[in-house]
1. For the chain, what does -39500 (n - 2.57) per DSSP helix run (n ≥ 4), summed and divided by total residues, give at 222 nm, in deg cm²/dmol to the nearest 500?
2. Using θ = phi - 60° and the Karplus form 6.51 cos²θ - 1.76 cosθ + 1.60, what ³J(HN,Hα) does each residue of the stretch 260-267 get, whole Hz, x for Gly and Pro?
3. Give the calculated FRET efficiency between Asp128 and Ala35 to the nearest 0.05, with a Förster radius of 45 Å applied to their Cβ-Cβ distance.
4. So which lysines can Lys289 reach, going by Cα to Cα under 30 Å and dropping same-chain residues fewer than 8 places off?
5. Residue by residue, what Karplus-based ³J(HN,Hα) values in Hz, rounded to whole numbers, does the stretch 166-171 have, using 6.51, -1.76 and 1.60 with θ = phi - 60° and x for Gly and Pro?
6. So for the pair Glu225, Arg163, with labels modelled 7 Å out along Cα→Cβ, what separation do we get in nm?
7. Label the stretch 159-199 by shape, choosing from rounded, prolate and oblate, from the square roots a ≥ b ≥ c of the eigenvalues of the Cα gyration tensor; if a/c is under 1.5 it is rounded, and otherwise prolate applies when a/b is larger than b/c, oblate when it is not.
8. Under a 5 Å amide H to amide H cut-off, with H placed in plane at 1.01 Å, what residues pair with Thr63 once short-range neighbours are removed?
Amino acid sequence: METLYVVEPGSYIKKAGNALTIIKKGTILNTVPAAGLEKLILAGYISLSGSVMDFLIKNRVETVFITPTGRFRARLMIDEHKHVALRRAQYLKLNQENFSVKTMKILVKGKLVNMVSFLLRRGKDYKDDILRNAAAGIKALTRTLDQNISKDAVRGIEGAGTRIYFNVFSRLIRNPDFSFKGRNRRPPRDPVNALLSFVYTLLTNEVLSAIKISGLDPYMGSLHEISYGRPSLACDLVEEYRCIIGDRLVLSLLNRKMIKPGDFDYKNTADTSFTDEQEMKQKRPVTMKPYLYKTFLSSYEETMTGSSMYRNVMRDQVRKFCDHLKETGTIYQPLAM
């Protein structure tokens, strides 16, 4: 077992021998072997015993705390990676204007090309010219990336392509029980956006893990500007997976009717502004029910560890990005659909 998700709110994890036991209100919910655990993801309010904390630290188990909606909260830090030469190359190269812009163009083009491929494939399957036309519009944007343009222009192209994509995203949903009227987040205001935000957070944490394993600094990126507390490099490198993994998984579960409107809790609130995380929780219009977390995470793990081996692919891609930063002449290539 590489990854363990604990999503039952109010549960408590203790260590008994060579196993971790998950308990809630005196009832044992699950017992899992501790051996082989590489990552522990805790969703919501989960408590850990001192012996569990000691085990996580000694065995360098990456431990991530997220909110019930999948928003990153914190990470148990063991110690920093000692690969100074690699980080030095990262700081130097990504601070060079030409190299940084070139890297941004590569990442944006990779994301947009995957959107084009996805829309063309679904447009063909559904005989939908609107999807095909949207793909053509995004493809036209990719050609402008070959021009001598600024960082802001590159970010603008990424934003324009994403807007075209989500303007037609509703046509990819073939389940009449769900609708999509545009991308919204912090907080997501409908079930589809809640699912998208959750899977994007999971993917960002996957990339963040791969970055930390490699020795790179996750907070120093290029496409996403440096902002206190934001892992900009992880946000950069997750872009190529949003469509390939995240959107395909959400659409698959919706279109196969494995998720129903009754799997969500709804609040009638028109005010979705907030000043902090606690207020956002109170005003959140839609939340996934606990059992839906388990269903979704089960499908997610199957996707990450199945025949495509996406978790290993992500680690390989980060290693390739390391080569991109070194003086090897290797140019990074995002994963293509």
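1. Numbers: 11 runs with 160 residues, N = 337.
Helices in the chain give a 222 nm mean residue ellipticity of -15500 deg cm²/dmol.
2. Those phi angles translate into 10, x, x, 7, 10, 9, 10, 10 Hz.
3. Efficiency at R0 = 45 Å is approximately 0.35.
4. Excluding near neighbours in sequence, the set is Lys14, Lys15, Lys24, Lys25, Lys39, Lys181, Lys257, Lys260, Lys267, Lys281.
5. So the Karplus estimates, Gly and Pro as x, are 6, 5, 10, 4, 4, 6 Hz.
6. Taking the simple label geometry, Glu225 and Arg163 are separated by 1.8 nm.
7. Oblate.
8. Leu40, Leu76
No lab work stands behind these numbers, since they all come straight from the coordinates. This one's a predicted model, so the numbers in the text were calculated from it and none came from an experiment. Note that we place each Cβ from the backbone using ideal geometry, even for glycine, and neighbour counts take in every protein chain shown.
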